[in-house]
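Enquirer: This structure is in structure tokens; I'll ask about it shortly.
Readers should treat all values here as calculations from the given coordinates under stated rules, not as data from a laboratory. What you see is a predicted model; the values in this text were computed from it and never measured. Neighbour counts run over all protein chains shown; Cβ positions are idealised from the backbone, glycine included.
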Amino acid sequence: MSYTGISVREALERINSPIGGWYLPEVQRQYVWGSRDESEEYVCLLLDSLLRKYPIGGIVLWQTKSAVPFREFVGDYAPGNFALLVDQGRWSMEKSLVYDGQQRLQTLFSVLYHRFKDRILHYDLLFDAKKEEPDETGFDFRDADAPENPRFLRMTRLVSLSTDQEERINLESEATRALGPDHELVIKRNIAALWDVFVETNQKSIAYFSVRADSAREVNEVFRRLNTGGVALTQLELILGQIKAVQPTYEESLWKLSNRIKDLSAGYEFLSADVLQFFHLLVKGTIRIDAERVNAEDVASFRARIGEDADTLIEMFQGYLYGLFRINHASIIPRPLALLPIAAYLTARRRAGHEWRIRGLPDVELTAIHQFFLLSQFCDWATQTMVNAFARSAIDAGEVGKPFPIEEARRTAIQKNRTSFLRDQQFLSRPWFAAKVLMPQRAYIFHEHKPQVDHIFPLNLAGRDEQYKREVDVLWNFQPMPAEVNNYKRAKHPRDFFRSEEGGKYWDLYDFIPSPDSELWDDHQVFLTVREQKMRARLNKLYGIVLKPSL
């Protein structure tokens, strides 16, 4: 066995081909790369490496007719657009499963044949590598609805052309007419380079290693030994692989549950990996993941959890976080791991036949949950050891129908060198979260993972100095409010704003403020002092928490 060279065009034609095509094994991780900017930069560098004839790493394939589940590569790539299992009737077909190289092949397949996050890859035909910086590539993503520009050649158009040289000549002539004869040389040089790599089949830019075997055992060993520098599978992914070996559709079930949580909570993203970690807490009693400690009995329990315990996890987000706090985005929660003991508590209550719906719990039991929720977030009760301890005591209490064990949680926090009560500075250090719990009826509107918040006394109020800005840039001056309102009043004194015909319409949307005619508006410091007192009182009334002075 040895590596075989293949052109980009030949490789892409094999992806999802019904005859001996390249597909993804069901154990393969999903295609995920950070933010769009990071992903686009990576893609452009990958394509540029091919153009420069740099190696991009080998592909490892398992060639087999065995009846094993497998997935197709996705066409248009977008977050949440996952590779799905093919119908079981196709599992015995001749195929090659990609064990190493998924990210590279999926990238090439999406950007050369389809779209990438609703963007289309282009090449700047006037790009001159001799005059640009070394990290410039000539590749660029443009929005799908952007107007056509003859300077930018769509890569999807390029790879759709046949290998007939007449097509290349026509492309060169078209670009030269549009951009001018002065650019003819650079246009021809760029198109010729692109043609050799992405249209012709003579340039074998990709190397693949094919393993022919009846089972995955041999190819797994090859993959393990290669260690080609790819990102190692996480412990959760290893566990997921064990589960999928006996229930191939398990990952799809995790996605569905994750999407359902997002829909029912108005946007909170609790990812499929987070769901699996919660199930690990229920099955193994810990959030510390170790795939080697998961046995066949545990795998069966994981499979059962998604059917039996999904409702309590949903209740955590729909009934508690969104139902009582209108928390609709994961960025609001500073310590997401500390949510798991609450979900475990509700699960234990449900299994034991006790009331577990949030709105059905008595006030005293709800207050205990509230206090744990707030203290765990503000006081950083979120180490693995602490979360495990909280979950164990919460499950014990839930099984016998007792309130959430907040006092035991306080003792655990003290043992782990955390405060068991909330100090001013801890509260003020998380202003987004603090404003949310103080005004739970107000939902944030988000822009790029940042909630839109209004400063009631604007930062840029005319005639004010830097000292003023520091004084009003505090929690006591914050209000969850859509950006258009903030933009409308950004330099207006709040008294004038609320007295105006337009501004008066928004007065009822603000909390802890006096009437528009109040003298409190005359001095921002007096206003903030009074508002702070009201907000502290609300914290105590809603959750039974009194802020302690900072040290």
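Enquirer: Can you list the aspartates and glutamates whose alpha carbon is less than 19 Å from that of LYS204, not counting same-chain residues fewer than 8 positions off?
Expert: Cα-Cα hits under 19 Å: GLU10, GLU13, ASP48, ASP100, ASP164, ASP196.
Enquirer: Also, quick follow-up: Say each of LEU520 and GLU502 gets a label point 7 Å from the Cα, pointing the same way as Cα to Cβ; how far apart are those two points in nm?
Expert: 2.6 nm
Enquirer: Taking the Cα centre of the range 334-421 as origin, work out the dipole magnitude from +1 charges on Lys and Arg Cβ and -1 charges on Asp and Glu Cβ, in debye rounded to 20.
Expert: Working: 12 positive and 8 negative charges, 35 e Å.
Roughly 160 debye, rounded to the nearest 20.
Enquirer: To the nearest Å, what is the center-to-center distance of the range 363-412 and the range 110-153, using C-alpha atoms only?
Expert: 52 Å
Enquirer: Within 10 Å of each candidate Cβ there may be at most 14 other Cβ atoms; applying that plus a DSSP loop requirement, which GluC sites (Glu not before Pro) in the range 487-540 survive?
Expert: Details: sites: GLU501, GLU502, GLU519, GLU532; in loops: GLU501, GLU502.
Qualifying residues, ordered by number: GLU501, GLU502.
Enquirer: Just want to confirm a number: the relative contact order over the range 73-223, from Cα pairs under 8 angstrom separated by 6+ residues, in percent. Write out the running numbers ahead of the final one.
Expert: On the way: 139 pairs, mean separation 31.4, N = 151.
Dividing the mean separation by the residue count of the range 73-223 yields 21 percent.
Enquirer: Then there is this: Any idea how many Lys pairs in the range 431-543 come in under 16 angstrom at the alpha carbon, given 8 or more places apart or on separate chains? Kindly include the intermediate steps, with their values, before the conclusion.
Expert: On the way: LYS436/LYS450; LYS436/LYS534; LYS436/LYS541; LYS469/LYS489; LYS469/LYS492; LYS489/LYS505; LYS492/LYS505.
Number of lysine pairs found: 7.
Enquirer: What distance in nm lies between label points placed 7 Å from Cα along the C-beta direction at ALA300 and ALA144?
Expert: 4.6 nm
Enquirer: For the pair VAL246/ASP118, report the inter-label distance in nm, with labels modelled 7 Å from Cα in the Cβ direction.
Expert: Here the answer is 4.2 nm between the modelled labels.
Enquirer: Need the list of lysines near LYS416 for cross-linking: C-alpha distance under 20 angstrom, and skip anything on the same chain fewer than eight residues off.
Expert: Cross-link targets: LYS548.
Enquirer: Taking H placed 1.01 Å from N in the peptide plane, check which residues at least 5 places from ASP100 or on another chain put their amide H under 5 Å from its amide H.
Expert: HN-HN under 5 Å from ASP100: VAL60.
Enquirer: Just the Cα atoms of the range 431-543, one point each, no solvent: what log10 I(q)/I(0) does Debye give at q = 0.14, 0.17, 0.23 Å⁻¹?
Expert: Calculated log10 I(q)/I(0) at the listed q: -0.55, -0.83, -1.54.
Enquirer: Further question: What net charge is computed for the residues neighbouring PRO55, neighbours being all others with C-beta under 12 Å from the C-beta of PRO55, Lys and Arg scored +1, Asp and Glu -1? Walk me through the intermediate numbers first.
Expert: On the way: positive: ARG52, LYS53, ARG104, LYS204; negative: none.
With Lys, Arg at +1 and Asp, Glu at -1, the neighbours total +4.
Enquirer: Let me ask something additional. Calculate the radius of gyration of the Cα atoms of the range 489-528 to one decimal place, then report Dmax, the largest Cα-Cα distance, as a whole number, both in Å.
Expert: 9.6, 26
Enquirer: Next question, about the same structure. Taking neighbour counts of Cβ atoms within 10 Å as a proxy for exposure, in what order, fewest first, do MET439, MET93, MET316 appear? Mind dumping the intermediate values first?
Expert: On the way: MET439 20, MET93 16, MET316 26.
Going from least to most buried by this count: MET93, MET439, MET316.
Enquirer: Also, I was wondering about something else. With the cut-off at 1.5 for a/c, could you classify the range 262-338 from its C-alpha gyration tensor as rounded, prolate or oblate? Spell out each step's value before the answer.
Expert: Details: a/c = 2.86, a/b = 1.90, b/c = 1.51.
Prolate.
Enquirer: Continuing with the same structure: Checking the a/c ratio against 1.5 first, then a/b against b/c, what shape does the Cα gyration tensor give for the range 287-384?
Expert: Values: a/c = 2.00, a/b = 1.33, b/c = 1.50.
Oblate shape, in that a/c is at least 1.5 and b/c is the bigger or equal ratio.
Enquirer: If you don't mind, another one. Based on the Cβ-Cβ distance of GLU484 and SER66, what FRET efficiency does E = 1/(1 + (r/R0)^6) give at R0 = 60 Å, to the nearest 0.05?
Expert: On the way: r = 58 Å, r/R0 = 0.97.
Once rounded, the FRET efficiency stands at 0.55.
Enquirer: Per residue, how much space in cubic angstrom lies within the convex hull of the C-alpha atoms of the range 352-449?
Expert: On the way: hull volume 13.2 nm³, N = 98.
Each residue corresponds to 134 Å³ of Cα convex hull volume.
Enquirer: Going through the cross-link list LYS244/LYS402; LYS95/LYS244; LYS117/LYS262, which pairs have a Cα-Cα distance over 26 Å in this structure? Don't jump to the answer; show the numbers that get you there.
Expert: Values: LYS244/LYS402 37 Å; LYS95/LYS244 19 Å; LYS117/LYS262 20 Å.
In this structure, LYS244/LYS402 exceed 26 Å between Cα atoms.
Enquirer: On a straight-distance basis, which aspartates and glutamates could pair with LYS65 in a cross-link, Cα separation under 18 angstrom, same-chain partners fewer than 8 positions away excluded?
Expert: GLU26, ASP87, GLU94, ASP214, GLU218
Enquirer: Okay, next question. Sort the range 57-102 into rounded, prolate or oblate with this rule: let a ≥ b ≥ c be the square roots of the eigenvalues of the Cα gyration tensor; rounded if a/c is under 1.5, and if a/c is not under 1.5, prolate when a/b is larger than b/c, oblate otherwise. Show your work: numbers first, answer last.
Expert: Details: a/c = 3.11, a/b = 1.19, b/c = 2.61.
Note, shape of the range 57-102 comes out oblate.
Enquirer: What GluC sites (Glu not before Pro) in the range 366-468 are in a loop by DSSP, with at most 12 other Cβ atoms within 10 Å of the Cβ? Provide the component values of the computation, followed by the final result.
Expert: Working: sites: GLU399, GLU407, GLU408, GLU448, GLU466; in loops: GLU448.
Listed in order of number, the matching sites are GLU448.
Enquirer: Report the Cα-based extents of the chain along its three principal axes, largest first, to the nearest Å.
Expert: 81, 65, 38
Enquirer: How large is the helix-only mean residue ellipticity at 222 nm for the chain, computed as the sum of -39500 (n - 2.57) over DSSP H runs with n ≥ 4, divided by its residue count, in deg cm²/dmol to the nearest 500?
Expert: Numbers: 22 runs with 247 residues, N = 551.
Taken over the chain, the calculation gives -13500 deg cm²/dmol.
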